[in-house]
Amino acid sequence: MSRLVTEELTIRFGGHVAVNAVGCSFEPGTLTAIVGPNGAGKTTYFNLISGQLKASAGRVSLGGRDLTGLSASARTRAGLGRAFQLTNLFPRLTVLENVRLAVQAANEGSHRRGLNLWSVWSDHADLLERADAILASIALKDKEHELVANLPHGDQRKLEVALLMALDPQVFMFDEPTAGMNAAEAPVILDLIRRLKADKSKTILLVEHKMDVVRELADRIIVLHNGTLVADGEPAEVIASPVVQEAYLGVSKEAA
């Protein structure tokens, strides 16, 4: 099982330090929530880990392998799976085609003939079964032939989780997975994350503003404030700490 590590991870935009020398280790079998006020650097830190942004200093490693110089796509192949605040799907393909492409990408190394979107999928029954099972798990089997562009926002968020499941990464990274979802849609996503969490070989990182979600799902909380790591520990301990009460919840030290 592979540990994800960031060491002195830093990014500067001109004179502004958006993430400041953040060092953290994330173990398999643990769901870590990354919290902080708006502008704290949470999503920027995610982007540095997954490769959407290039670090000004520091390094990222997974299982002892240095990923710092790799592109976002290469980091995905190395085992980092990332879901975004805004969905990252193929809108002009169907739901099923999106999942099949993700299954194909995850299995391209083990199927020598390879696949493409127009391959005869009947020759690859195991991949078809996996795609069908993933669609069933997110309750979208009845919409498999719908164009993704026509899906409501909640279904698009579910589908993005399905693509991550198809890729079967070592690390799942969720950036506000229930953002924009209504009260009926959000529980489906949270249940999917609970199921992923049950696999103790996986590491899960979660950026989330909703503290009820954090309390329920997190084994550990780290807090960023002005790009700096200011707290790290068990949820109850971190939430009760004066620095979090002030920086994240807006409670002054005197009031706390």
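Just so you know, all these numbers are worked out from the coordinates, no wet-lab data involved. In this text the structure is predicted, and so the values were computed from the model without any measurement. Using ideal geometry, Cβ is built from the backbone for each residue, glycine included, and neighbour counts are taken over all protein chains shown.
Where the only charges are on Cβ atoms (+1 Lys, Arg; -1 Asp, Glu), what is the dipole of the chain about its Cα centre, to the nearest 20 debye?
The dipole magnitude comes to about 620 debye.
Please report, largest first and rounded to whole Å, the three semi-axes of the ellipsoid equivalent to the chain, where each semi-axis is the square root of five times an eigenvalue of the C-alpha gyration tensor. Don't skip to the end; give the middle numbers.
On the way: eigenvalues 221, 90, 49 Å².
Computed over the chain, the values are 33, 21, 16 Å.
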**Request:** Tell me the label-point distance for the pair Asp168, Arg3, using the 7 Å Cα-to-Cβ offset, in nm and rounded to one decimal.
**Result:** 2.6 nm
**Request:** Could you please report the charge total around Gly63, scoring K, R as +1 and D, E as -1 over all other residues with beta-carbon less than 12 angstrom from its beta-carbon?
**Result:** 0
**Prompt:** In the range 136-217, which trypsin sites (Lys or Arg not before Pro) fall in coil by DSSP and have 11 or fewer other Cβ atoms within 10 Å?
**Reply:** Lys200
**Message:** Please report the net charge: other residues with Cβ closer than 10 Å to the Cβ of Ala186, K and R +1, D and E -1.
**Reply:** 0
**Request:** For helix 153-167, report the angle its Cα long axis makes with the longest principal axis of the Cα atoms of the chain; keep it between 0 and 90° and round to the nearest 10°.
**Result:** 80 degrees
**Message:** At 222 nm, what value in deg cm²/dmol follows for the chain if DSSP H runs of at least 4 each add -39500 (n - 2.57) and the sum is divided by all its residues, to the nearest 500?
**Reply:** -10000 deg cm²/dmol
